[in-house]
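The values are calculated or read from the model by the stated rules, or taken from the named source; none is laboratory data. None of these values were measured; they are calculated from a predicted model. Positions of Cβ are backbone-derived with ideal geometry, glycine not excepted, and every protein chain shown enters the neighbour counts. Side chains are part of the model used for accessible areas, which takes the heavy atoms of the whole protein and leaves out ligands, DNA and RNA. Shrake-Rupley method; radii C 1.70, N 1.55, O 1.52, S 1.80 Å.
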Amino acid sequence: MHHQPVMINEVLTLIASHSLHARILDGTLGLGGYSEAILQHFPDSSVLGIDRDSQAIAFSLERLGDYEASSRFSSLHANFGNLAEIPECRDYDVYVFDLGVSNMQLTLPERGFSFQNDGPLDMRMNPSGQDMSAADLLRLSDADSLAKIFWDYGEERYSRLIAQAIKHSTSPITTTAELVSVIRSALPQPVQRKMGTHPARRVFQALRIYVNNEMGELENLLHSLPSLSHDALIIFVSYHSLEDRLIKHAFRKWQTDGKGKILTRHPLVPSEEETAENYKARSAKLRAFCMNAD
Ligand SMILES: C[S@@+](CC[C@H](N)C(=O)[O-])C[C@H]1O[C@@H](n2cnc3c(N)ncnc32)[C@H](O)[C@@H]1O
């Protein structure tokens, strides 16, 4: 299982430029790509890796076991939206967050995140701690609510058409393939051809964001970060304009409130080489903030 870390060179350069980088919190451990690069690059550092997905932690430990054995790496199954309530997450020199889903979540069919692999329509990042799967959401919501979710979180132009087709489906939709098939049958062929992307991509993205309350957890995190450390470097890599907007506004507010300085007046984006090599990187935006900078 491999996840090619996005914009890792930019992340490492920013960390190197920060006066302190002995204690680093990787708030979205995933498959451990960022944590591993940080531990290799900064031999005096230690990393705490957090993920709300226990399967991600298990995979990352296969990669980071030696660092764990030498006490340079430790992990915690937690949601970054609750960071303020976890005492061991305070006073780090660097907090880094690489938002969204990992390759593991996308490629394991049983996790139900992908329109390309058939599996149960689940999409919960923390199945043991979240009640509502994507299939439950489709079953329990009316067409108007679904259309709003598809529009708000997927900017799906045909949100109403798709939502109505889901609600008119003769049996409950319980697998990813069934949902793809309903979306395909709802959209006329010429529309599908014009879309320029897989016809289910936007709906799957919207369901994932909603099921995992991704915007709410990010808002909680942005609210708590200034109280967690007084001179930390904060780095965010995001993949969606809604996330980027929340981060941009939070950074501006922190700066206006005298909490520190924005380091990226415009977000950094991946190099052409990186986007050519890694399709997932194409929409990445990196923003950084230094708490208490003069
Ligand atoms: C893009 S992946 C991170 C990949 C990682 N940087 C790497 O190089 O392997 C995002 C990870 O963040 C986790 N995640 C998403 N929302 C989270 C939250 N609210 N709290 C903790 N982890 C979260 C996901 O489960 C996923 O494993």
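In table form, for the structure just shown:
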| item | result |
| --- | --- |
| Residue count, the range 270-294 (criterion: touching a residue at least 40 places away in the same chain (Cβ under 8 Å) and within 18 Å of the chain's Cα centre (by Cα)) | 10 |
| Flag if V94 is touching a residue at least 40 places away in the same chain (Cβ under 8 Å), closer than 26 Å to L286 by Cα, touching a Phe, Trp or Tyr at 6+ places or on another chain (Cβ under 9 Å) and among the β-branched types (V, I, T) | no |
| Selection within the range 156-202 - among the β-branched types (V, I, T), exposed (fewer than 13 other Cβ atoms within 10 Å of the Cβ) and under 23 Å from D136 (Cβ atoms) | T170 |
| Identity of the residue in the range 17-56, of a type in the set (S, T, N, Q), farther than 25 Å from F113 by Cα and assigned to a helix (DSSP H, G or I), that ends up farthest from the ligand (Cβ to nearest atom) | S17 |
| Near pairs, Cβ below 9 angstrom, 6+ apart or cross-chain, from the range 238-253 (free of Cβ contacts under 8 Å to residues at least 24 places away in the same chain) to any residue that is open to solvent by 50 Å² or more (accessible area, probe 1.4 Å) | S241/E155; S241/K285; K253/K259 |
| Helices (runs of 4 or more DSSP H) wholly inside the range 181-294 that include at least 1 residues being touching a helix residue (DSSP H, G or I) at 6+ places or on another chain (Cβ under 6 Å) | 201-211, 214-228, 241-256, 272-277 |
| Condition broken by E110, with the remaining ones in (1) assigned by TED's automatic domain parsing to the domain that holds V269; (2) surrounded by fewer than 21 Cβ atoms within 10 Å (Cβ to Cβ); (3) under 21 Å from the mean Cα position of the chain (by Cα) satisfied | (1) |
| Criterion (of a type outside the set (A, V, I, L, M), assigned by TED's automatic domain parsing to the domain that holds S19 and within 28 Å of L31 (Cα to Cα)) met by exactly one of F80, F115 | F80 |
| Residue list for the range 225-239, restricted to those being open to solvent by less than 40 Å² (accessible area, probe 1.4 Å) and more than 12 Å from the ligand (Cβ to nearest atom) | L225, P226, L228, S229, A232, L233, I234 |
| Residue in the range 283-293 that is open to solvent by 20 Å² or more (accessible area, probe 1.4 Å) and farther than 22 Å from S17 by Cβ present | yes |
